[in-house]
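Q: What follows is a single structure, and I will ask about it in a moment.
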Amino acid sequence: MAGRRTAVLISGGGSNLQALIDACDSAQCAAEIALVVSNRADAFGLERARRHGIAAAVLDHRDFASREAFEAELDRTLRDARIELVCLAGFMRLLTPGFVEGWRDRLLNIHPSLLPAFPGLHTHARALEAGCRVHGCTVHLVRPTLDDGPILVQGVVPVLAGDDADRLAARVLEVEHRCYPLALDLLARGDLLIEGDRVTLPEEAEALVLHPLFTPG
Ligand code: GRF
């Protein structure tokens with residue numbers, strides 16, 4: 001059975017995009033990556049899409065007179081491609097409440113911290129600065145407030161002696177690549193119960209996400 005048609009929005013390297021593509025190539029995934037949209041023509045993620053024969057579009061926000069005009073074209077592009085679910089994966093544009101509400105409960109984001117700690121930028125440096133013993137990533141449904149919304153999956157990594165922001169970021173990125181496919185699959189299966197800020201997962205999925213996703217090795 002074909003998976004639910006999913007678009008991934010990127011601005012850069014797209015390592016999370018790659019993790020999603022690889023996971024969706026496997027028979028078990030309930031989603032299919034059908035479209036990649038970048039707001040930058042030089043994003044390496046576009047090359048990843050081409051290599052996998054996935055349709056790719058560039059929508060440069062600088063070509064539009066307003067954020068709303070950019071988003072109207074983005075929305076049209078997604079709907080023309082019969083997209084059902086959207087994943088933000090390093091997409092460096094703020095989205096207006098109008099766009100977000102139009103894709104309510106069908107729009108996922110991955111953020112490189114254990115939300116609600118450290119929304120916004122420079123999360124790894126801030127986690128180090130705060131003396132955190134653990135850090136990680138969060139995949140959540142998008143709501144109009146930045147880096148806010150019902151949490152699906154979180155991945156935890158330790159903060160180790162001698163870490164700098166780059167080393168910590170690399171450790172978090174590894175766990176991101178495991179969390180995002182898991183979250184997309186859960187959403188695509190359509191058996192999540194979303195009530196306010198809370199998501200209840202199906203019983204068999206609880207077993208998957210309650211354990212820390214980091215295996216010391
Ligand atoms: C990731 O750290 C993600 O959490 C953040 O942007 C970064 C994107 O990396 N939102 P990549 O382009 O997927 O490699």
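Q: With a point put 7 Å past each Cα toward its Cβ, work out how far Ala125 is from Asp164 in nm, to one decimal.
A: The two pseudo-label positions are separated by 1.2 nm.
Q: Right, here's the next one. Please list 110-119, 132-141, 62-71, 46-55 highest first by mean number of surrounding beta-carbon atoms within 10 Å per residue. Show your work: numbers first, answer last.
A: Numbers: 110-119: 19.7, 132-141: 21.7, 62-71: 13.1, 46-55: 15.6.
Final packing ranking: 132-141, 110-119, 46-55, 62-71.
Q: When only C-alpha pairs under 8 Å and at least 6 residues apart count, what is the relative contact order of the chain, in percent? Intermediate results must be reported in sequence, preceding the final value.
A: Numbers: 404 pairs, mean separation 40.0, N = 217.
Averaging sequence separation for qualifying contacts and normalising by length gives 18 percent for the chain.
Q: What part of the accessible area of the stretch 137-176, given as a whole %, is carbon or sulfur when the probe is 1.4 angstrom? Walk me through the numbers on the way to the answer.
A: Numbers: 870 of 1610 Å².
Carbon and sulfur: 54 percent of the exposed surface of the stretch 137-176.
Q: Still on this model: Please give the calculated 222 nm ellipticity per residue for the chain, where each DSSP H segment of at least 4 residues contributes -39500 (n - 2.57) and the sum is spread over every residue; nearest 500 deg cm²/dmol?
A: Values: 7 runs with 79 residues, N = 217.
One gets -11000 deg cm²/dmol as the mean residue ellipticity at 222 nm.
Q: Roughly how many Å² is the accessible area per residue of the stretch 1-103, as a whole number, for a 1.4 Å probe? Show your work: numbers first, answer last.
A: Numbers: 4880 Å² over 103 residues.
Averaged over the residues of the stretch 1-103, the accessible area is 47 Å².
Q: Can you pull the percent of the stretch 1-103's accessible area that's carbon plus sulfur, 1.4 Å probe, other chains left in place?
A: That share works out to 50 percent.
Q: Under 20 °C and 1.002 mPa s, how fast does the chain diffuse according to Stokes-Einstein, given a Kirkwood radius computed over C-alpha pairs? Answer in µm²/s, whole number.
A: The Stokes-Einstein estimate is 122 µm²/s.
Q: What fraction, in whole percent, of alpha-carbon pairs in the stretch 1-103 exceed 18 Å separation?
A: The answer is 43 percent, as a whole percent.
Q: To the nearest 10 Å², what's Glu101's accessible area with a 1.4 Å probe?
A: Near enough 80 Å² of accessible area.
Q: From zero up to wherever the largest Cα-Cα distance of the stretch 67-133 sits, split into 5 Å bins and tell me the percent of pairs in each.
A: Percent of Cα pairs in each bin: 3, 13, 22, 21, 13, 10, 9, 5, 2, 0.
Q: Still on this structure, please answer the following. What do you reckon, how do Asp191, Asp185 stack up by accessible area (1.4 Å probe), largest on top?
A: Ranking Asp191, Asp185 by accessible area, largest first, yields Asp191, Asp185.
Q: Counting only other residues whose beta carbon sits under 12 Å from that of Asp163, what net charge do I get with K and R as +1, D and E as -1?
A: Working: positive: Arg133, Arg167, Arg171; negative: Glu129, Asp164, Asp166.
Result for the neighbourhood of Asp163: 0.
Q: Working out 0.36 nm times the residue gap between Glu73 and Thr200, then minus their Cα-Cα distance, what length gain in nm do you get to one decimal?
A: Stretched fully, the Glu73-Thr200 segment lengthens by 42.4 nm.
Q: Can I ask one more? Please list, in order, the residues from the stretch 1-35 whose amide nitrogen is less than 18 Å from a point placed 7 Å along the Cα→Cβ vector of Arg62.
A: 10-13
Q: Would you please give the FRET efficiency between Arg133 and Phe44, computed as 1/(1 + (r/R0)^6) with r the Cβ-Cβ distance and R0 = 22 Å, to the nearest 0.05?
A: 0.10
Q: Relative contact order (percent) for the stretch 1-103, with alpha-carbon contacts under 8 angstrom and 6 or more residues of separation?
A: 36
The values are calculated or read from the model by the stated rules, or taken from the named source; none is laboratory data. Quick caveat: nothing in here was measured; it's all calculated off a predicted structure. Glycine also receives a Cβ, built like all others from the backbone with ideal geometry; neighbour counts cover every protein chain displayed. What goes into the accessible areas is simple: the full protein's heavy atoms, side chains included, and nothing from ligands, DNA or RNA. Shrake-Rupley method; radii C 1.70, N 1.55, O 1.52, S 1.80 Å.
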